[in-house]
Every structure is written in C-alpha cells, then in structure tokens.
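The values are calculated or read from the model by the stated rules, or taken from the named source; none is laboratory data. Computed from a prediction, not measured in an experiment: that's the story for all the values here. Don't worry about glycine lacking a Cβ; one is built from the backbone with ideal geometry, like all the others, and counts go over all protein chains shown.
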Amino acid sequence: MPNANRRIHRVNRIAPARVEKSPTGTAGLDEVTHGGIPKGRNTLLCGGAGSAKTLFAMKYLLCGAMQYGEPGLCVSFEESADELAENMASLGYDIPALVKKKMLSIDHVQVARHEFEETGEYDLSGLFVRMEHAIRSIGAKRVALDTIEVLFSGLPNEAIVRAELRRLFRWLKSQGVTTMITAETGKGALTRHGLEEYVADCVILLDHRVTEQVSTRRLRVVKYRGSAHGTNEYPFLVDGGGLSVVPITSVGLTHKATTDRISSGIVGLDQMLGGKGFFRKSSVLISGTAGTGKSSFAAHFAAAACARGEQCMYLAFEESPSQIQRNMSSVGLNLEPWIRKGLLKILASRPTSTGLEGHLARIHRDVAELKPSVVVVDPITNLISAGDTGAVKSMLTRLIDFLKLEGITGMFTNLTVKGMIEETSIGISSLMDTWILLREVEVLQEGLEAPERQRAIQLLKSRGMAHSRKLEPFELTDSGIHMLKMEPEAEARPPHRLMRKAR
C-alpha cells in the first residue's frame, strides 16, 4: 500500500501536456478556443447553407498569411479561385496579391459524379498527390477543404465513404499541417455522413437562425480534444467590417471599481451627486415618460465627455444622427464640432435590423474599433421589438458587464409609462449604479389658481456616494438644462398627484 501511494504521488506531479494552438485571427474566436484551433490537427466547421463556413475557413488562411507569416492552401470543391477572390474582396482581402507572393494557393478540384463511380478500387490517392504537391510548392502550414460532401457526392456505398473519410483525416495529420474542413449539417447529426465529427479533433458548429423574422448568427465549440474551451453559444457578425465573434456570454463580475468622478454635463445634477458627478466605469440609467428630457440629459453627458477630450459612442435606436443634432441644438447643444473632430460617433440603427445577439456583436466590434470612454444607449426600451423581455434583460446584462470590464462609463435611457414610475419594463434597474428618474409634476405657482406642469428630477439611487434624494425641478431651455428651486407646496404634494404625461 505505501508503494501504491508513492506511485499515485508521482503521477500527480506530472505536468499535463498542452495542445499547441494555431490562432485563427478572428476576433473573439481565439478567446473562445483559448488560443486558437489545435495546431497540426483537423478542425471541422459544420453548418447549414449561409452559415459562413467558407468565410471562416478562408479567413483562417488569410490571417495566417498576413498576420502570422504562414502560407495557406485552399482546396475548393465548389467555388473557383476567381469566385473566391471576388467574394473575399468584398471584405477587403486581396487574394491575387497573396497568391503572387506565394503566401496563398487556391486549388479548385472539380468533382463530377461520373468520375467517382464505384469500381471496387476507389480511393483518394490521386487527391493526396495533388494536395501534397500544392503544400510543398508554397510550404503551406495551413490548409482549408471546402466542402467535404462534394468530394463524396458520387459514392452511394456508406462503408467506402467512411473508410475514405478516416483515411483523409489521417493523411492530413501526417502532413503536419493545420486543417480546417467545412461540412454541411445533416438530419439529426452535425454532418451529413455522421462520421466527420468523431474523427476530427475540434468541431465548431455554425448556426444562422431566424426568430420572429429577425436573424442571428451563432457559433458553438462542440468538441475540442485536449483543451478547455467555451461551451456556450456565441453570436458572430458578418458585415463589411469582416468577421467577428463575441464571447460576451462568458463575462463575469471581475471588473475593478474606481473612485474617479466625471461630470454629467449638467451643473445642477452634479451638485445632486455630491458636487462631483458619476463614478467613472459605472452604469447610469435615466428613466422617464415621453418628453421628460431623457435624450437631452444623455446628450449633455456625451457632450461633456467630448469637452474633456474623451471619445464617446452614442447608440441611437430611435432617431437618426441628423435628427439628434437638430433636436439637441434646441437645448443649446451643438454636437457637430465633436462629430467633426471624431470625438463623438453616433451609430443609429433600428432594433429590428438584427437580433439582440447581433446588436451585441456590433457593439463589441465598434467598442474595439473606437475605444470610447463613454457609451450612451438611447433608448433601451426599443430593443423589446427585437426580442422578449427576458432576452433583452440578458443582452443588457452582458452589455453592462462588458462595458465595465472595458473601463467604459455607460448611460442608458428607458421609457416608462404611467403606473411604472419606479420600475423598468425590462427589469434592469438593479444592475445600475445610478438611477435617475425624470417626471412631470404639478406645481402651484403663487398667484395662480390652477397648478402648472413642471419637469422634475429625482435620484432614486447612486451607489457608493452621498446624493440628494429630493425631487428637484428643472427646465429645458435654449441655453441648456437648468435646475430650479422647488416650491415648498410641491414638495409636500402626495406622490399620486405628481405624474402627468406630456411632451
């Protein structure tokens, strides 16, 4: 028994072997896979039509050639070299230039059904010779096969298909190249033949689904031999800016808080916040009924950030950039100089233009590109049209965590309705560090018989700082937002008489 204990002790001291990684160069995917796909092994990309399989495979080769100095070979069974070059040019990639430098080679293998009839002696030896020559001619380190089903389209004998698939995967490993193979999903299986996912070392499933007429692209690492990896579904985005994966679903509460303060852009509100404004890297929610000035407060906050020389990203889900500039000029804000200097970027889109995960992916990409210190989302309530309340809350939770991890101060506006004054329709107020409520109150002015309606602001909470709890009146004027002194009669008025909807 003592000898057995010593043997166990020695085994436990052996350091685990680590799988060497080949970085894909795709933003987010390397984070999900903890460094890239397995080097010198085979990775299977499976998905339906239009799920971006070819794009992922081609970008792996192109990033290898341009970023890591690794030549790549693409063996295409469907598209010609000219077609691939034209398609990738739409994303800004110059394939002919890489081919000329011998950093990329595209071999279009045309597979006709009559050329692959069963003869009893069928094998892939001819293809292996052709691929080996192409690999050696440019010293390829990366290989992409697109798509594998075409190669076996003329073989009705399942046993031969399975035998040749195993042989193909073994041969690719023996060449010492890292291979990305695309495959179509089958009925009830990840692939059409139901074997590729078992012989591959890494399997990535791509999905393009439509829910309530809104499409979303998602990615999931199904399998990764010898390595830890993210197991959730991750949204990814394909647009003119290229391909990006958003690993936000793994974001946790690991951000660091700070005691630095930044101005709200409104003197009176800063005074209500202890005279110093919001905490930097915090999240701020502004709620109120229509016409109470939510967007005006958000625009003042954005303008204040620009005045400090900081980058601000304004996400508008209701108004166009031109409309925002015009409306804010009526309250004394000229946003055009900040836009012209590149300090303010207004990104406007309809919530239904893509799914919630798609919006998350775009925000992630835009933050990485612009590197703002302040982000405004106006309004979050419009996102309900792109998903149900639970999905919107989940998306905003991940967005808030992401912004805090990036050290960004976020401001969100939220439309409330009568009867929901101190709650949000999405239920995210508990996630916010500061919650500001804008409302319209009835104020009895001296000498008047009937009360007048007056906008007022109240801080419902502001974590970590002393702040005013009073209901303070304010006005929207052509010179900005100005706080007023509340009449004593209005302060004592019962809460149920304070709400009235008006523009």
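For the stretch 281-293, state whether one or more residues are in a loop (DSSP other than H, G, I, E, B), surrounded by fewer than 18 Cβ atoms within 10 Å (Cβ to Cβ) and of a type outside the set (S, T, N, Q).
The initial filter retains those residues of the stretch 281-293 that are in a loop (DSSP other than H, G, I, E, B), namely 281-282, 289-293.
Subsequent filtering for residues that are surrounded by fewer than 18 Cβ atoms within 10 Å (Cβ to Cβ) retains 290-291.
The next check asks that each one be of a type outside the set (S, T, N, Q); those that pass are 290-291.
The answer is yes, given that some residue of the stretch 281-293 is in a loop (DSSP other than H, G, I, E, B), surrounded by fewer than 18 Cβ atoms within 10 Å (Cβ to Cβ) and of a type outside the set (S, T, N, Q).
Taken over the stretch 162-182, the criterion of being at pLDDT below 90 and either under 17 Å from I37 (Cβ atoms) or outside any helix (DSSP H, G or I) (or both) is satisfied by F169 alone. One residue stands out among those in the stretch 243-267 that are surrounded by 15 or more Cβ atoms within 10 Å (Cβ to Cβ) and of a type in the set (G, A, S): the one that is modelled with the lowest pLDDT, which is S244.
Go through the stretch 415-438 and give me each residue that's part of a strand (DSSP E or B) and modelled with pLDDT of 90 or more.
Hits for the stretch 415-438 are T434, W435, I436, L437, L438.
Quick check on the stretch 347-399: of everything there that is closer than 12 Å to Y314 by Cα and part of a helix (DSSP H, G or I), which residue is nearest to the chain's Cα centre (by Cα)? Working first, answer last.
Looking only at the stretch 347-399, we keep the residues that are closer than 12 Å to Y314 by Cα, and these are 347-349, 363, 366-367, 370, 372-379.
Of the ones still in play, those that are also part of a helix (DSSP H, G or I) are 363, 366-367, 370.
On the way: I363: 6, D366: 9, V367: 10, L370: 14 Å.
It comes out as I363.
Scanning the stretch 178-188 for residues being under 13 Å from G40 (Cβ atoms) and surrounded by fewer than 22 Cβ atoms within 10 Å (Cβ to Cβ) gives a total of 0.
Looking only at strands (runs of 3 or more DSSP E) that fall completely inside the stretch 21-115, which ones have 2 or more residues that are under 21 Å from the mean Cα position of the chain (by Cα)? Explain how you work it out, then say what you get.
Numbers: elements: 42-47, 72-76, 104-108.
Hits in the stretch 21-115: 42-47.
The set of residues from the stretch 220-242 being in a strand (DSSP E or B) and either surrounded by fewer than 15 Cβ atoms within 10 Å (Cβ to Cβ) or at pLDDT 90 or above (or both) comprises R220, V221, V222, K223, Y224, D239. For the stretch 324-346, a residue qualifies if it is aliphatic (A, V, I, L, M) and part of a helix (DSSP H, G or I), and the qualifying residues are I324, M328, I339.
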